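Okay, structure first, notes after.
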Amino acid sequence: MTAGPTKHPARGPLDPARLSEAFALAPELSLELLEEAPSTNQVAAERAKAGAPEGLVVVADHQVAGRGRLNRAWETPTGTAVTFSLVLRPSVPATSWPWLPLLVGHNVAKALTALGYGARVKWPNDVLLEGDLKVAGILVERVETPTGPAAIVGVGINVAMTAEELPVPTATSLAAAGPGTPDRHTVLLAAVAAVREGYDVWQAGGEQGTARLAASYRSQCATLGRDVRVDLPGGGQLTGRAVDVDGDGRLVVETTSGTERVGAGDVVHVRAT
């Protein structure tokens, strides 16, 4: 799926015809485009419970009540972001599911890098640009459906927000970072294609596929080799050097008292110190 970049992207609505034409070239995907939605993950979860097949992509032209990890709010001005959720029905063992959030962040970063932005991943799945500024967030949720569990993969990418519109000093957008800004169609199609391709390769590869994903993820992970503070639920903290991501997708931290491993679901924040 491809779409040409524009030098000065307008903040107008996404073009249904343009997106439908692009999705028609990808039979493993289907599109549901909404003018506005509280949360694409919520809509996609409802569709999955109603029997939606793997590959449904729910896109909101404007998401008004987006959520990040731990129910953090994620909102953007109209026409400035790409927000979508992808329904997946993994056949990998349940023990491999923790790799899904990392896989998604990794492949979104690869898509942005291919568009000319030097993106990296902060463990587990925040996508960063230069200066450790966050440009995209990922939320993967498991839902039970009549035909088995599904993964709802939510992605939000800041595309056209100006520096003044960014919600926090640690955020950025493609427009604020430069060079140039592709339009939202370009970013959406690139991100969806990269995530689906990476997922399919991982699924087909078995244990070797996970090993290859782990190696590729480590090479792109901005957290490794840095001193970090890990904030834990309940107010606890863990400080040390992030030295690895293990075979289960957990962050390995060398502390003064030994080696600790933490999973994405076990942490509140991970910050460089």
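Quick notes on this one:
- Checked against (1) at pLDDT 95 or above; (2) touching a helix residue (DSSP H, G or I) at 6+ places or on another chain (Cβ under 8 Å); (3) more than 24 Å from PRO182 (Cα to Cα), ALA22 passes all but a single condition, namely (3).
- For the range 13-64, a residue qualifies if it is of a type in the set (Gly, Ala, Ser) and within 17 Å of the chain's Cα centre (by Cα), and the qualifying residues are SER39, ALA44, ALA45, GLY55, ALA60.
- Lone qualifier among GLY234, GLY206, GLY247 - being part of a loop (DSSP other than H, G, I, E, B) and either of a type in the set (S, T, N, Q) or out of contact with any strand residue (DSSP E or B) (no Cβ under 7 Å at 6 or more places or on another chain) (or both): GLY247
- Test: residue in the range 158-166 that is surrounded by fewer than 14 Cβ atoms within 10 Å (Cβ to Cβ) and either in a strand (DSSP E or B) or touching a residue at least 24 places away in the same chain (Cβ under 8 Å) (or both): no
- In this structure, GLY79 does not satisfy being assigned to a loop (DSSP other than H, G, I, E, B) and modelled with pLDDT of 95 or more.
- Qualifying residue in the range 159-170 (condition: of a type in the set (S, T, N, Q) and under 18 Å from PRO90 (Cβ atoms)): no
- Meets criteria (outside any loop (DSSP other than H, G, I, E, B), free of Cβ contacts under 8 Å to residues at least 60 places away in the same chain and in contact with a Phe, Trp or Tyr (Cβ under 9 Å, 6 or more places away or on another chain)) for ARG212: yes
- Considering the range 25-52, and only residues there that are part of a loop (DSSP other than H, G, I, E, B) and crowded, with 16+ Cβ neighbours inside 10 Å, the residue that is modelled with the lowest pLDDT turns out to be SER39.
- The range 101-132, residues that are within 20 Å of GLY205 (Cβ to Cβ) and without any contact (Cβ under 8 Å) to a residue 60 or more places away in the chain: GLY105
- Residues of the range 200-249 that turn out to be more than 22 Å from the chain's Cα centre (by Cα), of a type in the set (D, E, K, R) and closer than 24 Å to VAL92 by Cβ, as a count: 1
- Which numbered condition GLY198 fails, given (1) at positive phi; (2) at pLDDT 95 or above; (3) small (Gly, Ala, Ser); (4) part of a helix (DSSP H, G or I): (1)
The values are calculated or read from the model by the stated rules, or taken from the named source; none is laboratory data. Remember, predicted model here, so these are calculated numbers, not experimental data. Here Cβ is always computed from backbone atoms with ideal geometry, including for glycine, and neighbour counts include all displayed protein chains.
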